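The values are calculated or read from the model by the stated rules, or taken from the named source; none is laboratory data. All figures in this text were calculated on a predicted structure; none of them were measured in a lab. In this analysis, Cβ positions are derived from the backbone assuming ideal geometry, glycine residues included, and neighbour counts consider all displayed protein chains.
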Amino acid sequence: MTAEELHALFIKANRSLSSVESFTGGRFASSMTAIPGASKFFVGGCVTYATWEKVRLLNIKQERVDQFGVVSQEIAGDMAMHGRFVLGSDYCISFTGNAGPSPMENKPVGLIYIGVSAYNYTQVFEYLLWGSREEVINQALSLGYDHLARMLEQFK
């Protein structure tokens, strides 16, 4: 699945999309808005790179961050679900993880989580990716496109 294909699917489905990104640094939102017509479905995104922004902007409980760490299934799910409400979209995707160069929260480089939320359903996917920082980010984006397309198909 490419950004262009996902773009077309969301327009055809008449559904809105938002993103909440950490290690991808806004690359997902950029990939959506680089294609003409994005305003028909993409409502916006947040780059919550700093932990406190996940708490402040998305209203994620500090206790959950303290318990699980920001590189976790739980926080990825919270980011997608809270992002959907904050940004007012039908679907929201989140990216949190460690693209390197060194371990974070005692978690290895390449460990990433992608959250996808729609309606009252949120799903999180865990991956251990390999490669440079850029390669990890690109792999995560590609996986995110696939997961969104599958969820969009699921809720037709």
Count - residues of the stretch 61-88 that are buried (at least 24 other Cβ atoms within 10 Å of the Cβ) and assigned to a loop (DSSP other than H, G, I, E, B): 1
Positions within the stretch 12-55 being part of a helix (DSSP H, G or I), loosely packed, with under 15 Cβ neighbours inside 10 Å and of a type in the set (A, V, I, L, M, F, W, C), in sequence order: TRP52
Could you give every pair whose Cβ atoms fall below 6 Å, whose first residue belongs to the stretch 39-58 and is in contact (Cβ under 8 Å) with a residue 12 or more places away in the chain, and whose second residue is of a type outside the set (A, V, I, L, M, F, W, C) and assigned to a helix (DSSP H, G or I), counting only separations of at least 6 or pairs across chains? THR48/LYS54; LEU58/HIS82
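Tell me, please, whether a residue that is of a type in the set (A, V, I, L, M, F, W, C), under 15 Å from SER16 (Cα atoms) and buried (at least 21 other Cβ atoms within 10 Å of the Cβ) can be found in the stretch 127-144. If you could, list the steps in order and put the result at the bottom.
Here is the first cut: in the stretch 127-144, the ones of a type in the set (A, V, I, L, M, F, W, C) are 128-130, 136-137, 140-141, 143.
Going one step further and asking which of them are under 15 Å from SER16 (Cα atoms), we end up with none.
Scanning the stretch 127-144 turns up no residue that is of a type in the set (A, V, I, L, M, F, W, C), under 15 Å from SER16 (Cα atoms) and buried (at least 21 other Cβ atoms within 10 Å of the Cβ).
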Restricting attention to the stretch 114-156, which residues are hydrophobic (A, V, I, L, M, F, W, C) and in a helix (DSSP H, G or I)? VAL136, ILE137, ALA140, LEU141, LEU143, LEU148, ALA149, MET151, LEU152
Among the listed residues GLN123, GLN154, GLN67, GLN73, identify the single one that is at pLDDT below 95 and either within 22 Å of PHE41 (Cα to Cα) or out of contact with any Leu (no Cβ under 6 Å at 6 or more places or on another chain) (or both). GLN154
Given the conditions (1) over 22 Å from HIS7 (Cα atoms); (2) aromatic (Phe, Trp, Tyr); (3) surrounded by 13 or more Cβ atoms within 10 Å (Cβ to Cβ), report the number of the one that TYR91 does not fulfil. (1)
Report whether or not TYR113 is in contact (Cβ under 8 Å) with a residue 12 or more places away in the chain, surrounded by fewer than 21 Cβ atoms within 10 Å (Cβ to Cβ) and of a type in the set (Ser, Thr, Tyr). no
I need every pair where a residue in the stretch 132-156 that is under 21 Å from PRO103 (Cβ atoms) has its Cβ under 8 Å from the Cβ of a residue that is part of a helix (DSSP H, G or I), sequence separation at least 6 or different chains. ILE137/ARG27
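Starting from residues that are of a type in the set (S, T, N, Q) and exposed (fewer than 13 other Cβ atoms within 10 Å of the Cβ), keep the ones in the stretch 96-110 and report whichever is farthest from VAL65 (Cα to Cα). Step through it out loud before you land on a result.
So the first thing to find is which residues in the stretch 96-110 are of a type in the set (S, T, N, Q), and the list is 96, 98, 102, 106.
The next check asks that each one be exposed (fewer than 13 other Cβ atoms within 10 Å of the Cβ); those that pass are 102, 106.
Working: SER102: 20, ASN106: 14 Å.
Here the residue is SER102.
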